[in-house]
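The values are calculated or read from the model by the stated rules, or taken from the named source; none is laboratory data. What you are looking at is a predicted structure, and each value in this text was computed from that prediction instead of being measured. Ideal geometry is used to build each Cβ from the backbone, glycine not excepted, and the neighbour counts take in all protein chains shown.
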């Protein structure tokens with residue numbers, strides 16, 4: 001079983017949207033897997049909101065990005081707004097046929113994630129001018145992992161780690177770009193020790 005969260009690209013940024021993401025993330029901590037179904041639609045993003053609500057949204061995404069559970073996105077249709085931003089914080093991303101990723105030059109943390117994940121040179125046009133990518137283009141940038149005719153069946157074939165283990169590897173990966181080798185070594189050795197000790201216990 002897994003926790004499921006459905007988000008449409010047509011949803012504006014609201015407290016209710018943030019609460020739904022937070023509730024799903026909290027439930028996934030116990031379950032070990034969160035499937036985020038991203039539907040099509042578009043809306044002026046983030047809408048007429050203040051920066052405090054944007055801050056709460058970014059906090060919710062950051063918590064989701066670090067949740068001790070595997071997060072899998074299934075995206076279909078035109079993925080924009082909240083759906084596009086959620087896509088960028090998931091561990092594994094499946095696109096159904098006909099998927100299109102809509103990005104616009106909103107200066108939120110989606111811009112940061114886009115550059116970190118795709119590289120500054122490849123993300124420049126999207127970051128500055130916005131645009132649309134089809135599934136194959138998004139896959140070539142590393143923003144989509146798999147294009148699947150049956151995304152639900154593809155999930156069953158994934159070999160996922162236990163929640164705490166994937167959270168450790170995710171954190172090491174996210175920190176890699178900002179840490180010096182010597183600084184990172186201690187964290188990696190601690191993770192290796194945990195892994196080896198777990199093997200002895202089996």
Matching residues in the stretch 97-108 (at pLDDT 90 or above, surrounded by 13 or more Cβ atoms within 10 Å (Cβ to Cβ) and either out of contact with any strand residue (DSSP E or B) (no Cβ under 9 Å at 6 or more places or on another chain) or not assigned by TED's automatic domain parsing to the domain that holds residue 138 (or both)) number 1
Are any of the residues in the stretch 45-57 in the same structural domain as residue 87 (by TED's automatic domain parsing), in contact with a helix residue (DSSP H, G or I) (Cβ under 8 Å, 6 or more places away or on another chain), surrounded by 14 or more Cβ atoms within 10 Å (Cβ to Cβ) and outside any helix (DSSP H, G or I)?
-> yes
Determine whether residue 8 is under 17 Å from the mean Cα position of the chain (by Cα) and free of Cβ contacts under 8 Å to residues at least 60 places away in the same chain.
-> no
Residue list for the stretch 84-108, restricted to those being in a loop (DSSP other than H, G, I, E, B) and over 15 Å from the mean Cα position of the chain (by Cα) | 96, 97, 98, 99, 104, 105, 106, 107
The stretch 109-146, residues that are buried (at least 19 other Cβ atoms within 10 Å of the Cβ) and more than 22 Å from residue 82 (Cβ to Cβ) = none
The correct count of residues that are more than 16 Å from residue 74 (Cα to Cα), touching a strand residue (DSSP E or B) at 6+ places or on another chain (Cβ under 9 Å) and buried (at least 16 other Cβ atoms within 10 Å of the Cβ) in the stretch 12-24 is 2
Residue 134 passes all but one of (1) over 22 Å from residue 39 (Cα atoms); (2) touching a strand residue (DSSP E or B) at 6+ places or on another chain (Cβ under 6 Å); which number fails?
-> (1)
Kindly indicate whether any position in the stretch 27-43 is in a helix (DSSP H, G or I), assigned by TED's automatic domain parsing to the domain that holds residue 150 and surrounded by 20 or more Cβ atoms within 10 Å (Cβ to Cβ).
-> yes
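Conditions tested, residue by residue: (1) modelled with pLDDT of 90 or more; (2) touching a helix residue (DSSP H, G or I) at 6+ places or on another chain (Cβ under 8 Å); (3) not in a loop (DSSP other than H, G, I, E, B).
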{"position": "110", "(1), (2), (3)": "yes, yes, yes"}
{"position": "114", "(1), (2), (3)": "yes, yes, yes"}
{"position": "154", "(1), (2), (3)": "no, no, yes"}
{"position": "159", "(1), (2), (3)": "no, no, no"}
{"position": "169", "(1), (2), (3)": "no, yes, yes"}
{"position": "172", "(1), (2), (3)": "no, yes, yes"}
{"position": "182", "(1), (2), (3)": "no, no, yes"}
{"position": "191", "(1), (2), (3)": "no, yes, yes"}
